[in-house]
Amino acid sequence: MRTSEIAKRFQRYFERQGHLVVPSASLISPNPTTLFTIAGMVPFIPYLLGEQTPPSKRVTSNQKCVRTLDIDEVGKTTRHGTFFQMLGNFSFGDYFKEEAIHYAWDLLTTPQDKGGLGFDPDTLWVTTYTDDDEARRLWANEGMDPEHMEILGMEDNFWTTGGPGPGGPCSEIYVDRGPAYGKEGGPSADDNRYIEIWDLVFENYEVDNVKSKTDLHIVGELTNKNIDTGAGLERVAYLLQGKQNIYETDEVYPVIEAAERISGHKYGENEQDDVRFRVVADHVRSALMIMSDGVRPSNVGRGYVLRRLLRRTVRSMRMLGVNDPVLPTLMPVSKDAMALSYPELNDTFHDVSEAAYGEEDAFRRTLENGSTILDMAVSKAKESKDGMVSGKDAFALHDTYGFPIELTLEIAGEQGVPVDRAGFDGLMAEQKSRARADALKKRHNVDVSVYDDFKKTLDAPIDFTGYREYSSRAK
Ligand code: ATP
């Protein structure tokens, strides 16, 4: 079953249960405190908080998401993308736990020829919150093997916004891929074997005094109880398509194939290369989707995340031996693979690709200017007493050759050589205070530099943890 078909089935199923199908919101988060939409519930926060009236008390969506928090996992685990799609069903003060559990079980286990997703019930596991006997009873009523239910505490299976407001237990659904993939014993025993596919959140409490995930005060029961669920479309797709990971599914794999063609390397022959192939396929797709929602590369906020994704793609392809431009080959392939689900990509592609190719050209020039100098700094470091690239060299690379420190850290790190980050930061601070002193002179001795700092705070990505806690409620 193609990924787009799975999404359609999910939405059709919930439509049959009286849900309004709501189109995906933009990847640009409607909430000013987060850069990207990180979960299906983000566009519905005002309804979940009871601040606005929803168009229907039951909605379902397939939300485009970007999670940069997971970037280091990409290509190494089987299940983390920077871009992914989150399917969900939501009840705003309408149905609650019993229906939510029933719908999930029914959709997952109904055979495919009868409109379901056709998972073997024996492969399903759930985690439930310590106090939530009701959820365990409901799962058992549906047919879930009681041996396949793990009980976890507040840290893992309780959700709050991170502040006063609604909160409640959650229950995560996992698929056991079988003994070939790791230790038996349930989700806590092996996260390569047991793959989390769907998280059901039962918002039934009002909480306050939330000091941490485990230190909060439950005020009482909410009058309007909500259901908020999120299922990872790519995870469901890879398991149903009999693939090994999300990068091998139909909407992602064509980019790996294109990267194979231009690099002459084969996917599946060597783990180090495979991670690079997967990073490329993931990042090209994320960049495409982010740009299609209007973001362009820059040095701040979303634009900087995008710049990093494009640069990591180019670098990973270099590690696969390709020094020529890669995006003109890879981006159209990703666009074609995604356009079935997102036909609007065809309209935005001309502008998106021009901006992406321009960014690749600029980055290639940066790499050409700085690479030899960095190689020399790394060789010098290998022979030095402390074995580190000096702060002075890292600073020169940044200052003279436009080599971002992250790139220096990454390239040196690949060769097992650390960088004197503190030394680099010290030199950066010195440069900043010199620039400030100069600016002071120019501005007739009036120190307005305080406004520069203020502006920087506005431009910098804001690390708001509330919704991250929401998104990683299950961790
Ligand atoms: P994990 O612990 O596996 O990283 P999570 O607990 O962060 O997942 P949730 O925040 O509960 O996941 O998100 C709901 C669902 O969205 C998950 O069950 C999963 O199927 C999917 N999902 C979450 N993060 C990603 C990601 N980076 N890539 C692909 N799918 C994801």
Self-check item: Kirkwood hydrodynamic radius over Cα pairs of region 126-250, then Stokes diffusion coefficient at 4 °C and 1.567 mPa s, in µm²/s
Solution: 82 µm²/s
Quiz item: Once amide H atoms are placed 1.01 Å from N in the peptide plane, what residues at a sequence separation of 5 or more from SER26, or on another chain, have their amide H within under 5 Å of its amide H?
Solution: none
Self-check item: Residue exposure sequence - LEU320, LEU108, LEU48 - by fewest surrounding Cβ within 10 Å
Solution: LEU320, LEU108, LEU48
Exercise. Please determine, in degrees from 0 to 90 and to the nearest 10, the orientation of helix 253-263 with respect to the longest principal axis defined by the Cα atoms of the chain, where the helix direction is its Cα long axis.
Key: 30 degrees
Self-check item: Low-density loop positions, trypsin sites (Lys or Arg not before Pro), region 195-248 - DSSP coil, at most 10 other Cβ in 10 Å
Solution: LYS211
Practice problem: Could you go through region 281-290 in sequence order and give the Karplus-derived ³J(HN,Hα) for each residue, using 6.51 cos²θ - 1.76 cosθ + 1.60 with θ = phi - 60°, rounded to whole Hz, and x for Gly and Pro? | Solution: 4, 5, 6, 4, 5, 4, 4, 4, 5, 5
Quiz prompt | Amide H contacts of THR229 (H built 1.01 Å from N, under 5 Å, at least 5 apart or other chain) | solution = ASN89, VAL201
Practice problem: Determine ³J(HN,Hα), in whole Hz, for all residues of region 134-139 in sequence, where each value follows from phi through the Karplus function 6.51 cos²θ - 1.76 cosθ + 1.60 and θ = phi - 60°; x replaces Gly and Pro. | Solution: 4, 4, 5, 5, 5, 4
Exercise. Express the relative contact order of region 188-324 as a whole percentage, based on alpha carbon pairs under 8 Å and six or more residues apart in sequence.
Key: 16 percent
Exercise. Sort ASP208, ASP176, ASP250, ASP72 so the one with the fewest other Cβ atoms within 10 Å of its own Cβ comes first.
Key: ASP72, ASP208, ASP250, ASP176
Self-check item: the chain: relative contact order in percent, alpha carbon pairs under 8 Å with at least 6 residues between
Solution: 15 percent
Quiz item: What are the trypsin sites (Lys or Arg not before Pro) within region 264-300 that DSSP puts in a loop, where the Cβ has at most 12 other Cβ atoms within 10 Å?
Solution: LYS266
Practice problem: Go through region 88-105 residue by residue and turn each phi into a ³J(HN,Hα) via Karplus (6.51, -1.76, 1.60, θ = phi - 60°); whole Hz please, and just put x for glycine and proline. | Solution: x, 10, 10, 10, 9, x, 10, 6, 9, 4, 4, 5, 4, 5, 4, 4, 4, 4
Quiz item: So how tilted is helix 345-383 from the main axis of the chain? Cα-based, degrees 0 to 90, rounded to 10.
Solution: 60 degrees
Self-check item: Fully extended contour minus Cα-Cα distance, from ASP133 to ASN270, at 0.36 nm per residue
Solution: 44.7 nm
Self-check item: Amide H contacts of LEU20 (H built 1.01 Å from N, under 5 Å, at least 5 apart or other chain)
Solution: ARG58, VAL59, THR60
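No lab work stands behind these numbers, since they all come straight from the coordinates. This structure is a prediction, so every number in the text was calculated from the model and none was measured. No Cβ is skipped: glycine too gets one built from the backbone with ideal geometry, and neighbour counts run over all protein chains shown.
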